[in-house]
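One structure is given below, encoded as structure tokens.
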Amino acid sequence: MSKPDPSATPAPASNFIRNIVEHDLANGTYASRRWSGHPGAAADQAGGPADPARVRTRFPPEPNGYLHIGHAKSICLNFGVARDFGGVCHMRFDDTNPTKEEQEYVDSILDAVRWVGFDWGPHLYYASNYFETLYRFAEAFVEHGLAYVDSITPEEMRALRGTLTEAGRASPYRDRPVAESLDLFRRMRAGEFPDGAHVLRLKIDMASPNINMRDPVIYRIRHAHHHRTGDAWCVYPMYDYTHCISDALENITHSLCTLEFEDHRPLYDWVLEKLTGFGLLAKPLPHQYEFARLNLTYVVLSKRKLIQLVEEKHVNGWDDPRMPTIVGVRRRGFTPESIRLFAERIGVSKENSTIEMTILEDCLREDLNEKAPRATAVLDPLKLIIDNWEPGKVEQAEAPVHPHKPELGKRTFPIGRELWIEREDFTETPPKGYFRLYPGNMVRLRYGYVVKCIGCDKDASGAVTAVHCEVMPDSKSGTPGSDTYKVKGNIHWVSAAHALEAEVRLYDRLFVVPNPGAGDADFLKQMNPDSVKVLPHAKLEPGLAHAKPEDRFQFERHGYFVADLRDSKPGKPVFNRSVTLRDSWAKS
């Protein structure tokens with residue numbers, strides 16, 4: 001029986017969201033939908049007819065930072081559900097806060113979604129596309145007596161909002177006449193007032209047990225330049241108000257959010273139902289469903305903490321390979337296939353839980369084990385001299401490109417009198433069970449000859465500077481008679497005269513505790529001081545000189561490595577360790 005291909009997109013597992021979508025399709029829940037005037041609803045493909053029954057999801061990030069591995073779960077869910085049910089997923093930016101948003105973040109988010117393996121086709125939208133409609137709908141709320149301009153300070157508003165156990169109290173402006181609120185709101189838009197002078201609030205229920213329903217703010221004044229609309233606006237809508245209306249305008253069927261938005265769903269439904277009553281939207285309306293967000297051990301996924309790591313230079317930018325950002329894990333050497341496999345493996349549920357980092361790492365190992373060519377690297381080099389080797393003589397050793405894929409052929413590399421071996425592969429006083437080099441012992445040079453250790457050189461401090469061996473001439477791997485030598489040790493090596501010297505970076509987890517920042521702990525004090533170790537003079541198999549950025553290899557014995565996306569160049573590669581061959585953090 002053939003093995004499954006881990007590089008392929010895994011078959012989707014059933015979950016409660018897929019069950020809901022299947023039910024809605026079977027019952028024609030959205031078959032009677034009337035299309036809004038939004039341009040994205042006009043066609044699913046250029047020139048193609050729109051299908052009112054088609055599943056429509058959306059991925060709606062705010063462009064105020066870089067996406068992280070938690071967002072990858074949402075990307076895979078939203079785009080995957082649309083793909084698997086013959087629908088479309090909209091890429092929409094919630095760009096309603098001009099003070100924090102930049103085009104740099106827009107570009108990085110688009111690149112990240114593409115890299116994970118999804119495409120939105122013609123369905124790229126921005127909340128700022130709807131600013132005029134959102135404003136017009138807000139005026140309708142005022143005109144129907146369901147919104148008012150409030151002029152109290154933010155501190156006063158917080159004091160009146162109440163708590164989880166105490167009802168809120170009405171603002172003195174709650175009963176402001178409709179005409180006065182409408183006039184003030186229009187003057188807010190015209191730029192007559194400074195930031196913070198007024199806000200627009202919905203009039204719902206200050207005694208509601210759900211704080212989100214206690215007259216939420218839906219517009220605030222921001223005299224700030226917007227990265228898309230420039231200075232055309234100085235009032236901007238809030239997320240909860242914008243999100244549901246954007247979904248309706250785009251004819252989204254299933255609005256998939258993380259669990260922290262569960263308490264916001266009543267407001268989502270309230271806004272859309274009222275707009276339907278005003279005759280501004282038509283049923284059936286989109287529905288919001290919540291799923292558990294991704295929590296991962298040994299990382300922080302809080303946007304505030306990630307920004308702090310970057311701005312305070314605890315890491316080297318958003319794409320530092322230790323960061324859980326998508327640009328970071330990409331530079332670390334993770335593959336899109338491993339990310340999609342991870343998203344499928346952890347599943348979708350309504351219960352919050354924390355996923356072990358080992359699951360993510362195992363997904364990468366599983367993917368790279370099948371696709372990564374093998375190579376030899378010596379990371380802590382020690383000179384080995386074969387005393388009975390003819391000076392100047394060079395032979396070629398041969399090894400498979402991939403041990404399980406003979407169709408990929410062989411790779412060759414030179415062997416000469418002087419080699420580099422790992423320093424830990426020699427000791428003068430071997431402990432029990434040590435089968436590598438020590439005086440009098442024989443080992444096989446992997447893919448090469450059997451050699452016998454006859455001594456070593458030391459410097460003035462007593463440190464070993466070179467190991468001396470003798471070769472068994474008829475012991476070369478693959479030649480007749482070579483199997484007559486029965487040795488227990490098998491060590492890696494590269495030819496000293498031909499080795500590629502390169503920088504290798506050994507990355508490890510950024511934090512030393514599974515849940516950094518838990519409780520009142522300072523997460524910065526829980527950072528791993530050994531999260532990166534730079535080896536500037538590693539000795540590599542010479543064929544690696546041709547590695548291009550993002551080429552991936554298994555360095556036999558050491559793990560999976562990738563040529564750095566930023567710093568590596570053909571002829572002068574820099575390698576990052578993506579993951580070890582096995583979990584080095586496993587409990588003993």
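The values are calculated or read from the model by the stated rules, or taken from the named source; none is laboratory data. As the structure is a computational prediction, the values presented were derived from the model and not from experiment. Positions of Cβ are generated from backbone atoms using ideal geometry, with glycine treated the same way; all protein chains shown enter the neighbour counts. For the accessible areas, the whole protein counts, side chains as well, though only heavy atoms, and no ligand, DNA or RNA atoms are used. Shrake-Rupley method; radii C 1.70, N 1.55, O 1.52, S 1.80 Å.
A few points about this structure:
- Which numbered condition Lys305 fails, given (1) open to solvent by 40 Å² or more (accessible area, probe 1.4 Å); (2) in contact (Cβ under 8 Å) with a residue 12 or more places away in the chain; (3) among the basic types (Lys, Arg); (4) under 16 Å from His68 (Cβ atoms): (1)
- Per the conditions (1) closer than 30 Å to Gly462 by Cβ; (2) part of a strand (DSSP E or B); (3) not aromatic (Phe, Trp, Tyr), the sole criterion not satisfied by Glu428 is (2).
- Test: residue in segment 250-263 that is in contact with a helix residue (DSSP H, G or I) (Cβ under 6 Å, 6 or more places away or on another chain), under 29 Å from Asn19 (Cα atoms) and part of a helix (DSSP H, G or I): yes
- Residues being in contact with a strand residue (DSSP E or B) (Cβ under 8 Å, 6 or more places away or on another chain) and open to solvent by 40 Å² or more (accessible area, probe 1.4 Å) - total across segment 457-471: 5
- As a summary of the residue check, Ala282 satisfies the conditions (1) open to solvent by 20 Å² or more (accessible area, probe 1.4 Å); (2) outside any loop (DSSP other than H, G, I, E, B) except for the one numbered (2).
- Every residue from segment 347-376 that is in contact with a helix residue (DSSP H, G or I) (Cβ under 8 Å, 6 or more places away or on another chain) and surrounded by 15 or more Cβ atoms within 10 Å (Cβ to Cβ): Val348, Ile355, Leu360, Cys363, Leu364, Glu366, Asp367, Leu368, Pro373, Ala375
Rundown of residues vs (1) of a type in the set (Phe, Trp, Tyr); (2) in a loop (DSSP other than H, G, I, E, B), yes/no style:
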position	(1), (2)
Tyr135	yes, no
Gly145	no, yes
Glu155	no, no
Arg174	no, yes
Ser181	no, no
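- Strands (runs of 3 or more DSSP E) wholly inside segment 482-588 that include at least 1 residues being hydroxyl-bearing (Ser, Thr, Tyr), in contact (Cβ under 8 Å) with a residue 40 or more places away in the chain and touching a helix residue (DSSP H, G or I) at 6+ places or on another chain (Cβ under 9 Å): 493-495, 500-507, 559-563, 574-579
- Residues of segment 381-412 classified as over 19 Å from Cys469 (Cα atoms), open to solvent by 20 Å² or more (accessible area, probe 1.4 Å) and in a loop (DSSP other than H, G, I, E, B), total: 5
- Flag if Ala232 is over 14 Å from Asp94 (Cα atoms) and within 32 Å of the chain's Cα centre (by Cα): no
- Every residue from segment 431-446 that is part of a loop (DSSP other than H, G, I, E, B) and either open to solvent by less than 60 Å² (accessible area, probe 1.4 Å) or without any contact (Cβ under 8 Å) to a residue 40 or more places away in the chain (or both): Pro431, Lys432, Gly433, Tyr434, Tyr438, Pro439, Gly440, Asn441
- Candidate set: segment 71-126, residues that are in contact with a helix residue (DSSP H, G or I) (Cβ under 9 Å, 6 or more places away or on another chain), in a helix (DSSP H, G or I) and β-branched (Val, Ile, Thr); chosen: the one nearest to Arg330 (Cα to Cα): Val116
- Condition met for Gly40 (at pLDDT below 95 and not in a loop (DSSP other than H, G, I, E, B)): yes
- For segment 298-342, residues that are closer than 27 Å to Pro573 by Cα and not in a helix (DSSP H, G or I) total 16.
- Candidate set: segment 310-328, residues that are within 11 Å of the chain's Cα centre (by Cα) and β-branched (Val, Ile, Thr); chosen: the one nearest to Val113 (Cα to Cα): Ile326
- Near pairs, Cβ below 8 angstrom, 6+ apart or cross-chain, from segment 383-400 (within 15 Å of Met472 (Cβ to Cβ) and modelled with pLDDT of 95 or more) to any residue that is of a type in the set (Asp, Glu) and surrounded by 13 or more Cβ atoms within 10 Å (Cβ to Cβ): Leu384/Glu418; Ile386/Glu418; Ile386/Glu470; Asp387/Glu470; Asn388/Glu470
- Qualifying residue in segment 206-221 (condition: among the β-branched types (Val, Ile, Thr) and under 27 Å from the mean Cα position of the chain (by Cα)): no
- Pair list, Cβ under 6 Å, 6 or more apart: segment 169-191 residue modelled with pLDDT of 95 or more, other residue small (Gly, Ala, Ser): Tyr173/Ser151; Val178/Gly145
- Screening Pro414 on (1) more than 30 Å from Glu370 (Cβ to Cβ); (2) touching a residue at least 24 places away in the same chain (Cβ under 8 Å); (3) of a type outside the set (Lys, Arg) shows it passes everything except condition (1).
- Only a single criterion out of (1) farther than 28 Å from Gln308 by Cβ; (2) surrounded by fewer than 19 Cβ atoms within 10 Å (Cβ to Cβ) is not satisfied by Ala538, namely (2).
- Among the residues making up segment 204-219, a single one is among the charged types (D, E, K, R) and surrounded by fewer than 19 Cβ atoms within 10 Å (Cβ to Cβ): Asp205.
- Among the residues of segment 127-172, those that are closer than 28 Å to Ala232 by Cα and of a type in the set (Ser, Thr, Tyr) comprise Ser128, Tyr130, Thr133, Tyr135, Tyr148, Ser151, Thr153.
- Hey, Val149 over 40 Å from the mean Cα position of the chain (by Cα), crowded, with 16+ Cβ neighbours inside 10 Å and part of a helix (DSSP H, G or I) or not: no
- Residues that are of a type in the set (D, E, K, R) and either open to solvent by less than 80 Å² (accessible area, probe 1.4 Å) or within 16 Å of Val235 (Cα to Cα) (or both), drawn from segment 173-193: Arg174, Arg176, Asp183, Arg186, Arg187, Arg189, Glu192
- Leading residue by the ranking (nearest to Gly277 (Cα to Cα)) among those in segment 145-162 that are in contact (Cβ under 8 Å) with a residue 24 or more places away in the chain and among the β-branched types (Val, Ile, Thr): Val149
- Residue list for segment 509-523, restricted to those being open to solvent by 40 Å² or more (accessible area, probe 1.4 Å) and closer than 27 Å to Asp564 by Cβ: Val512
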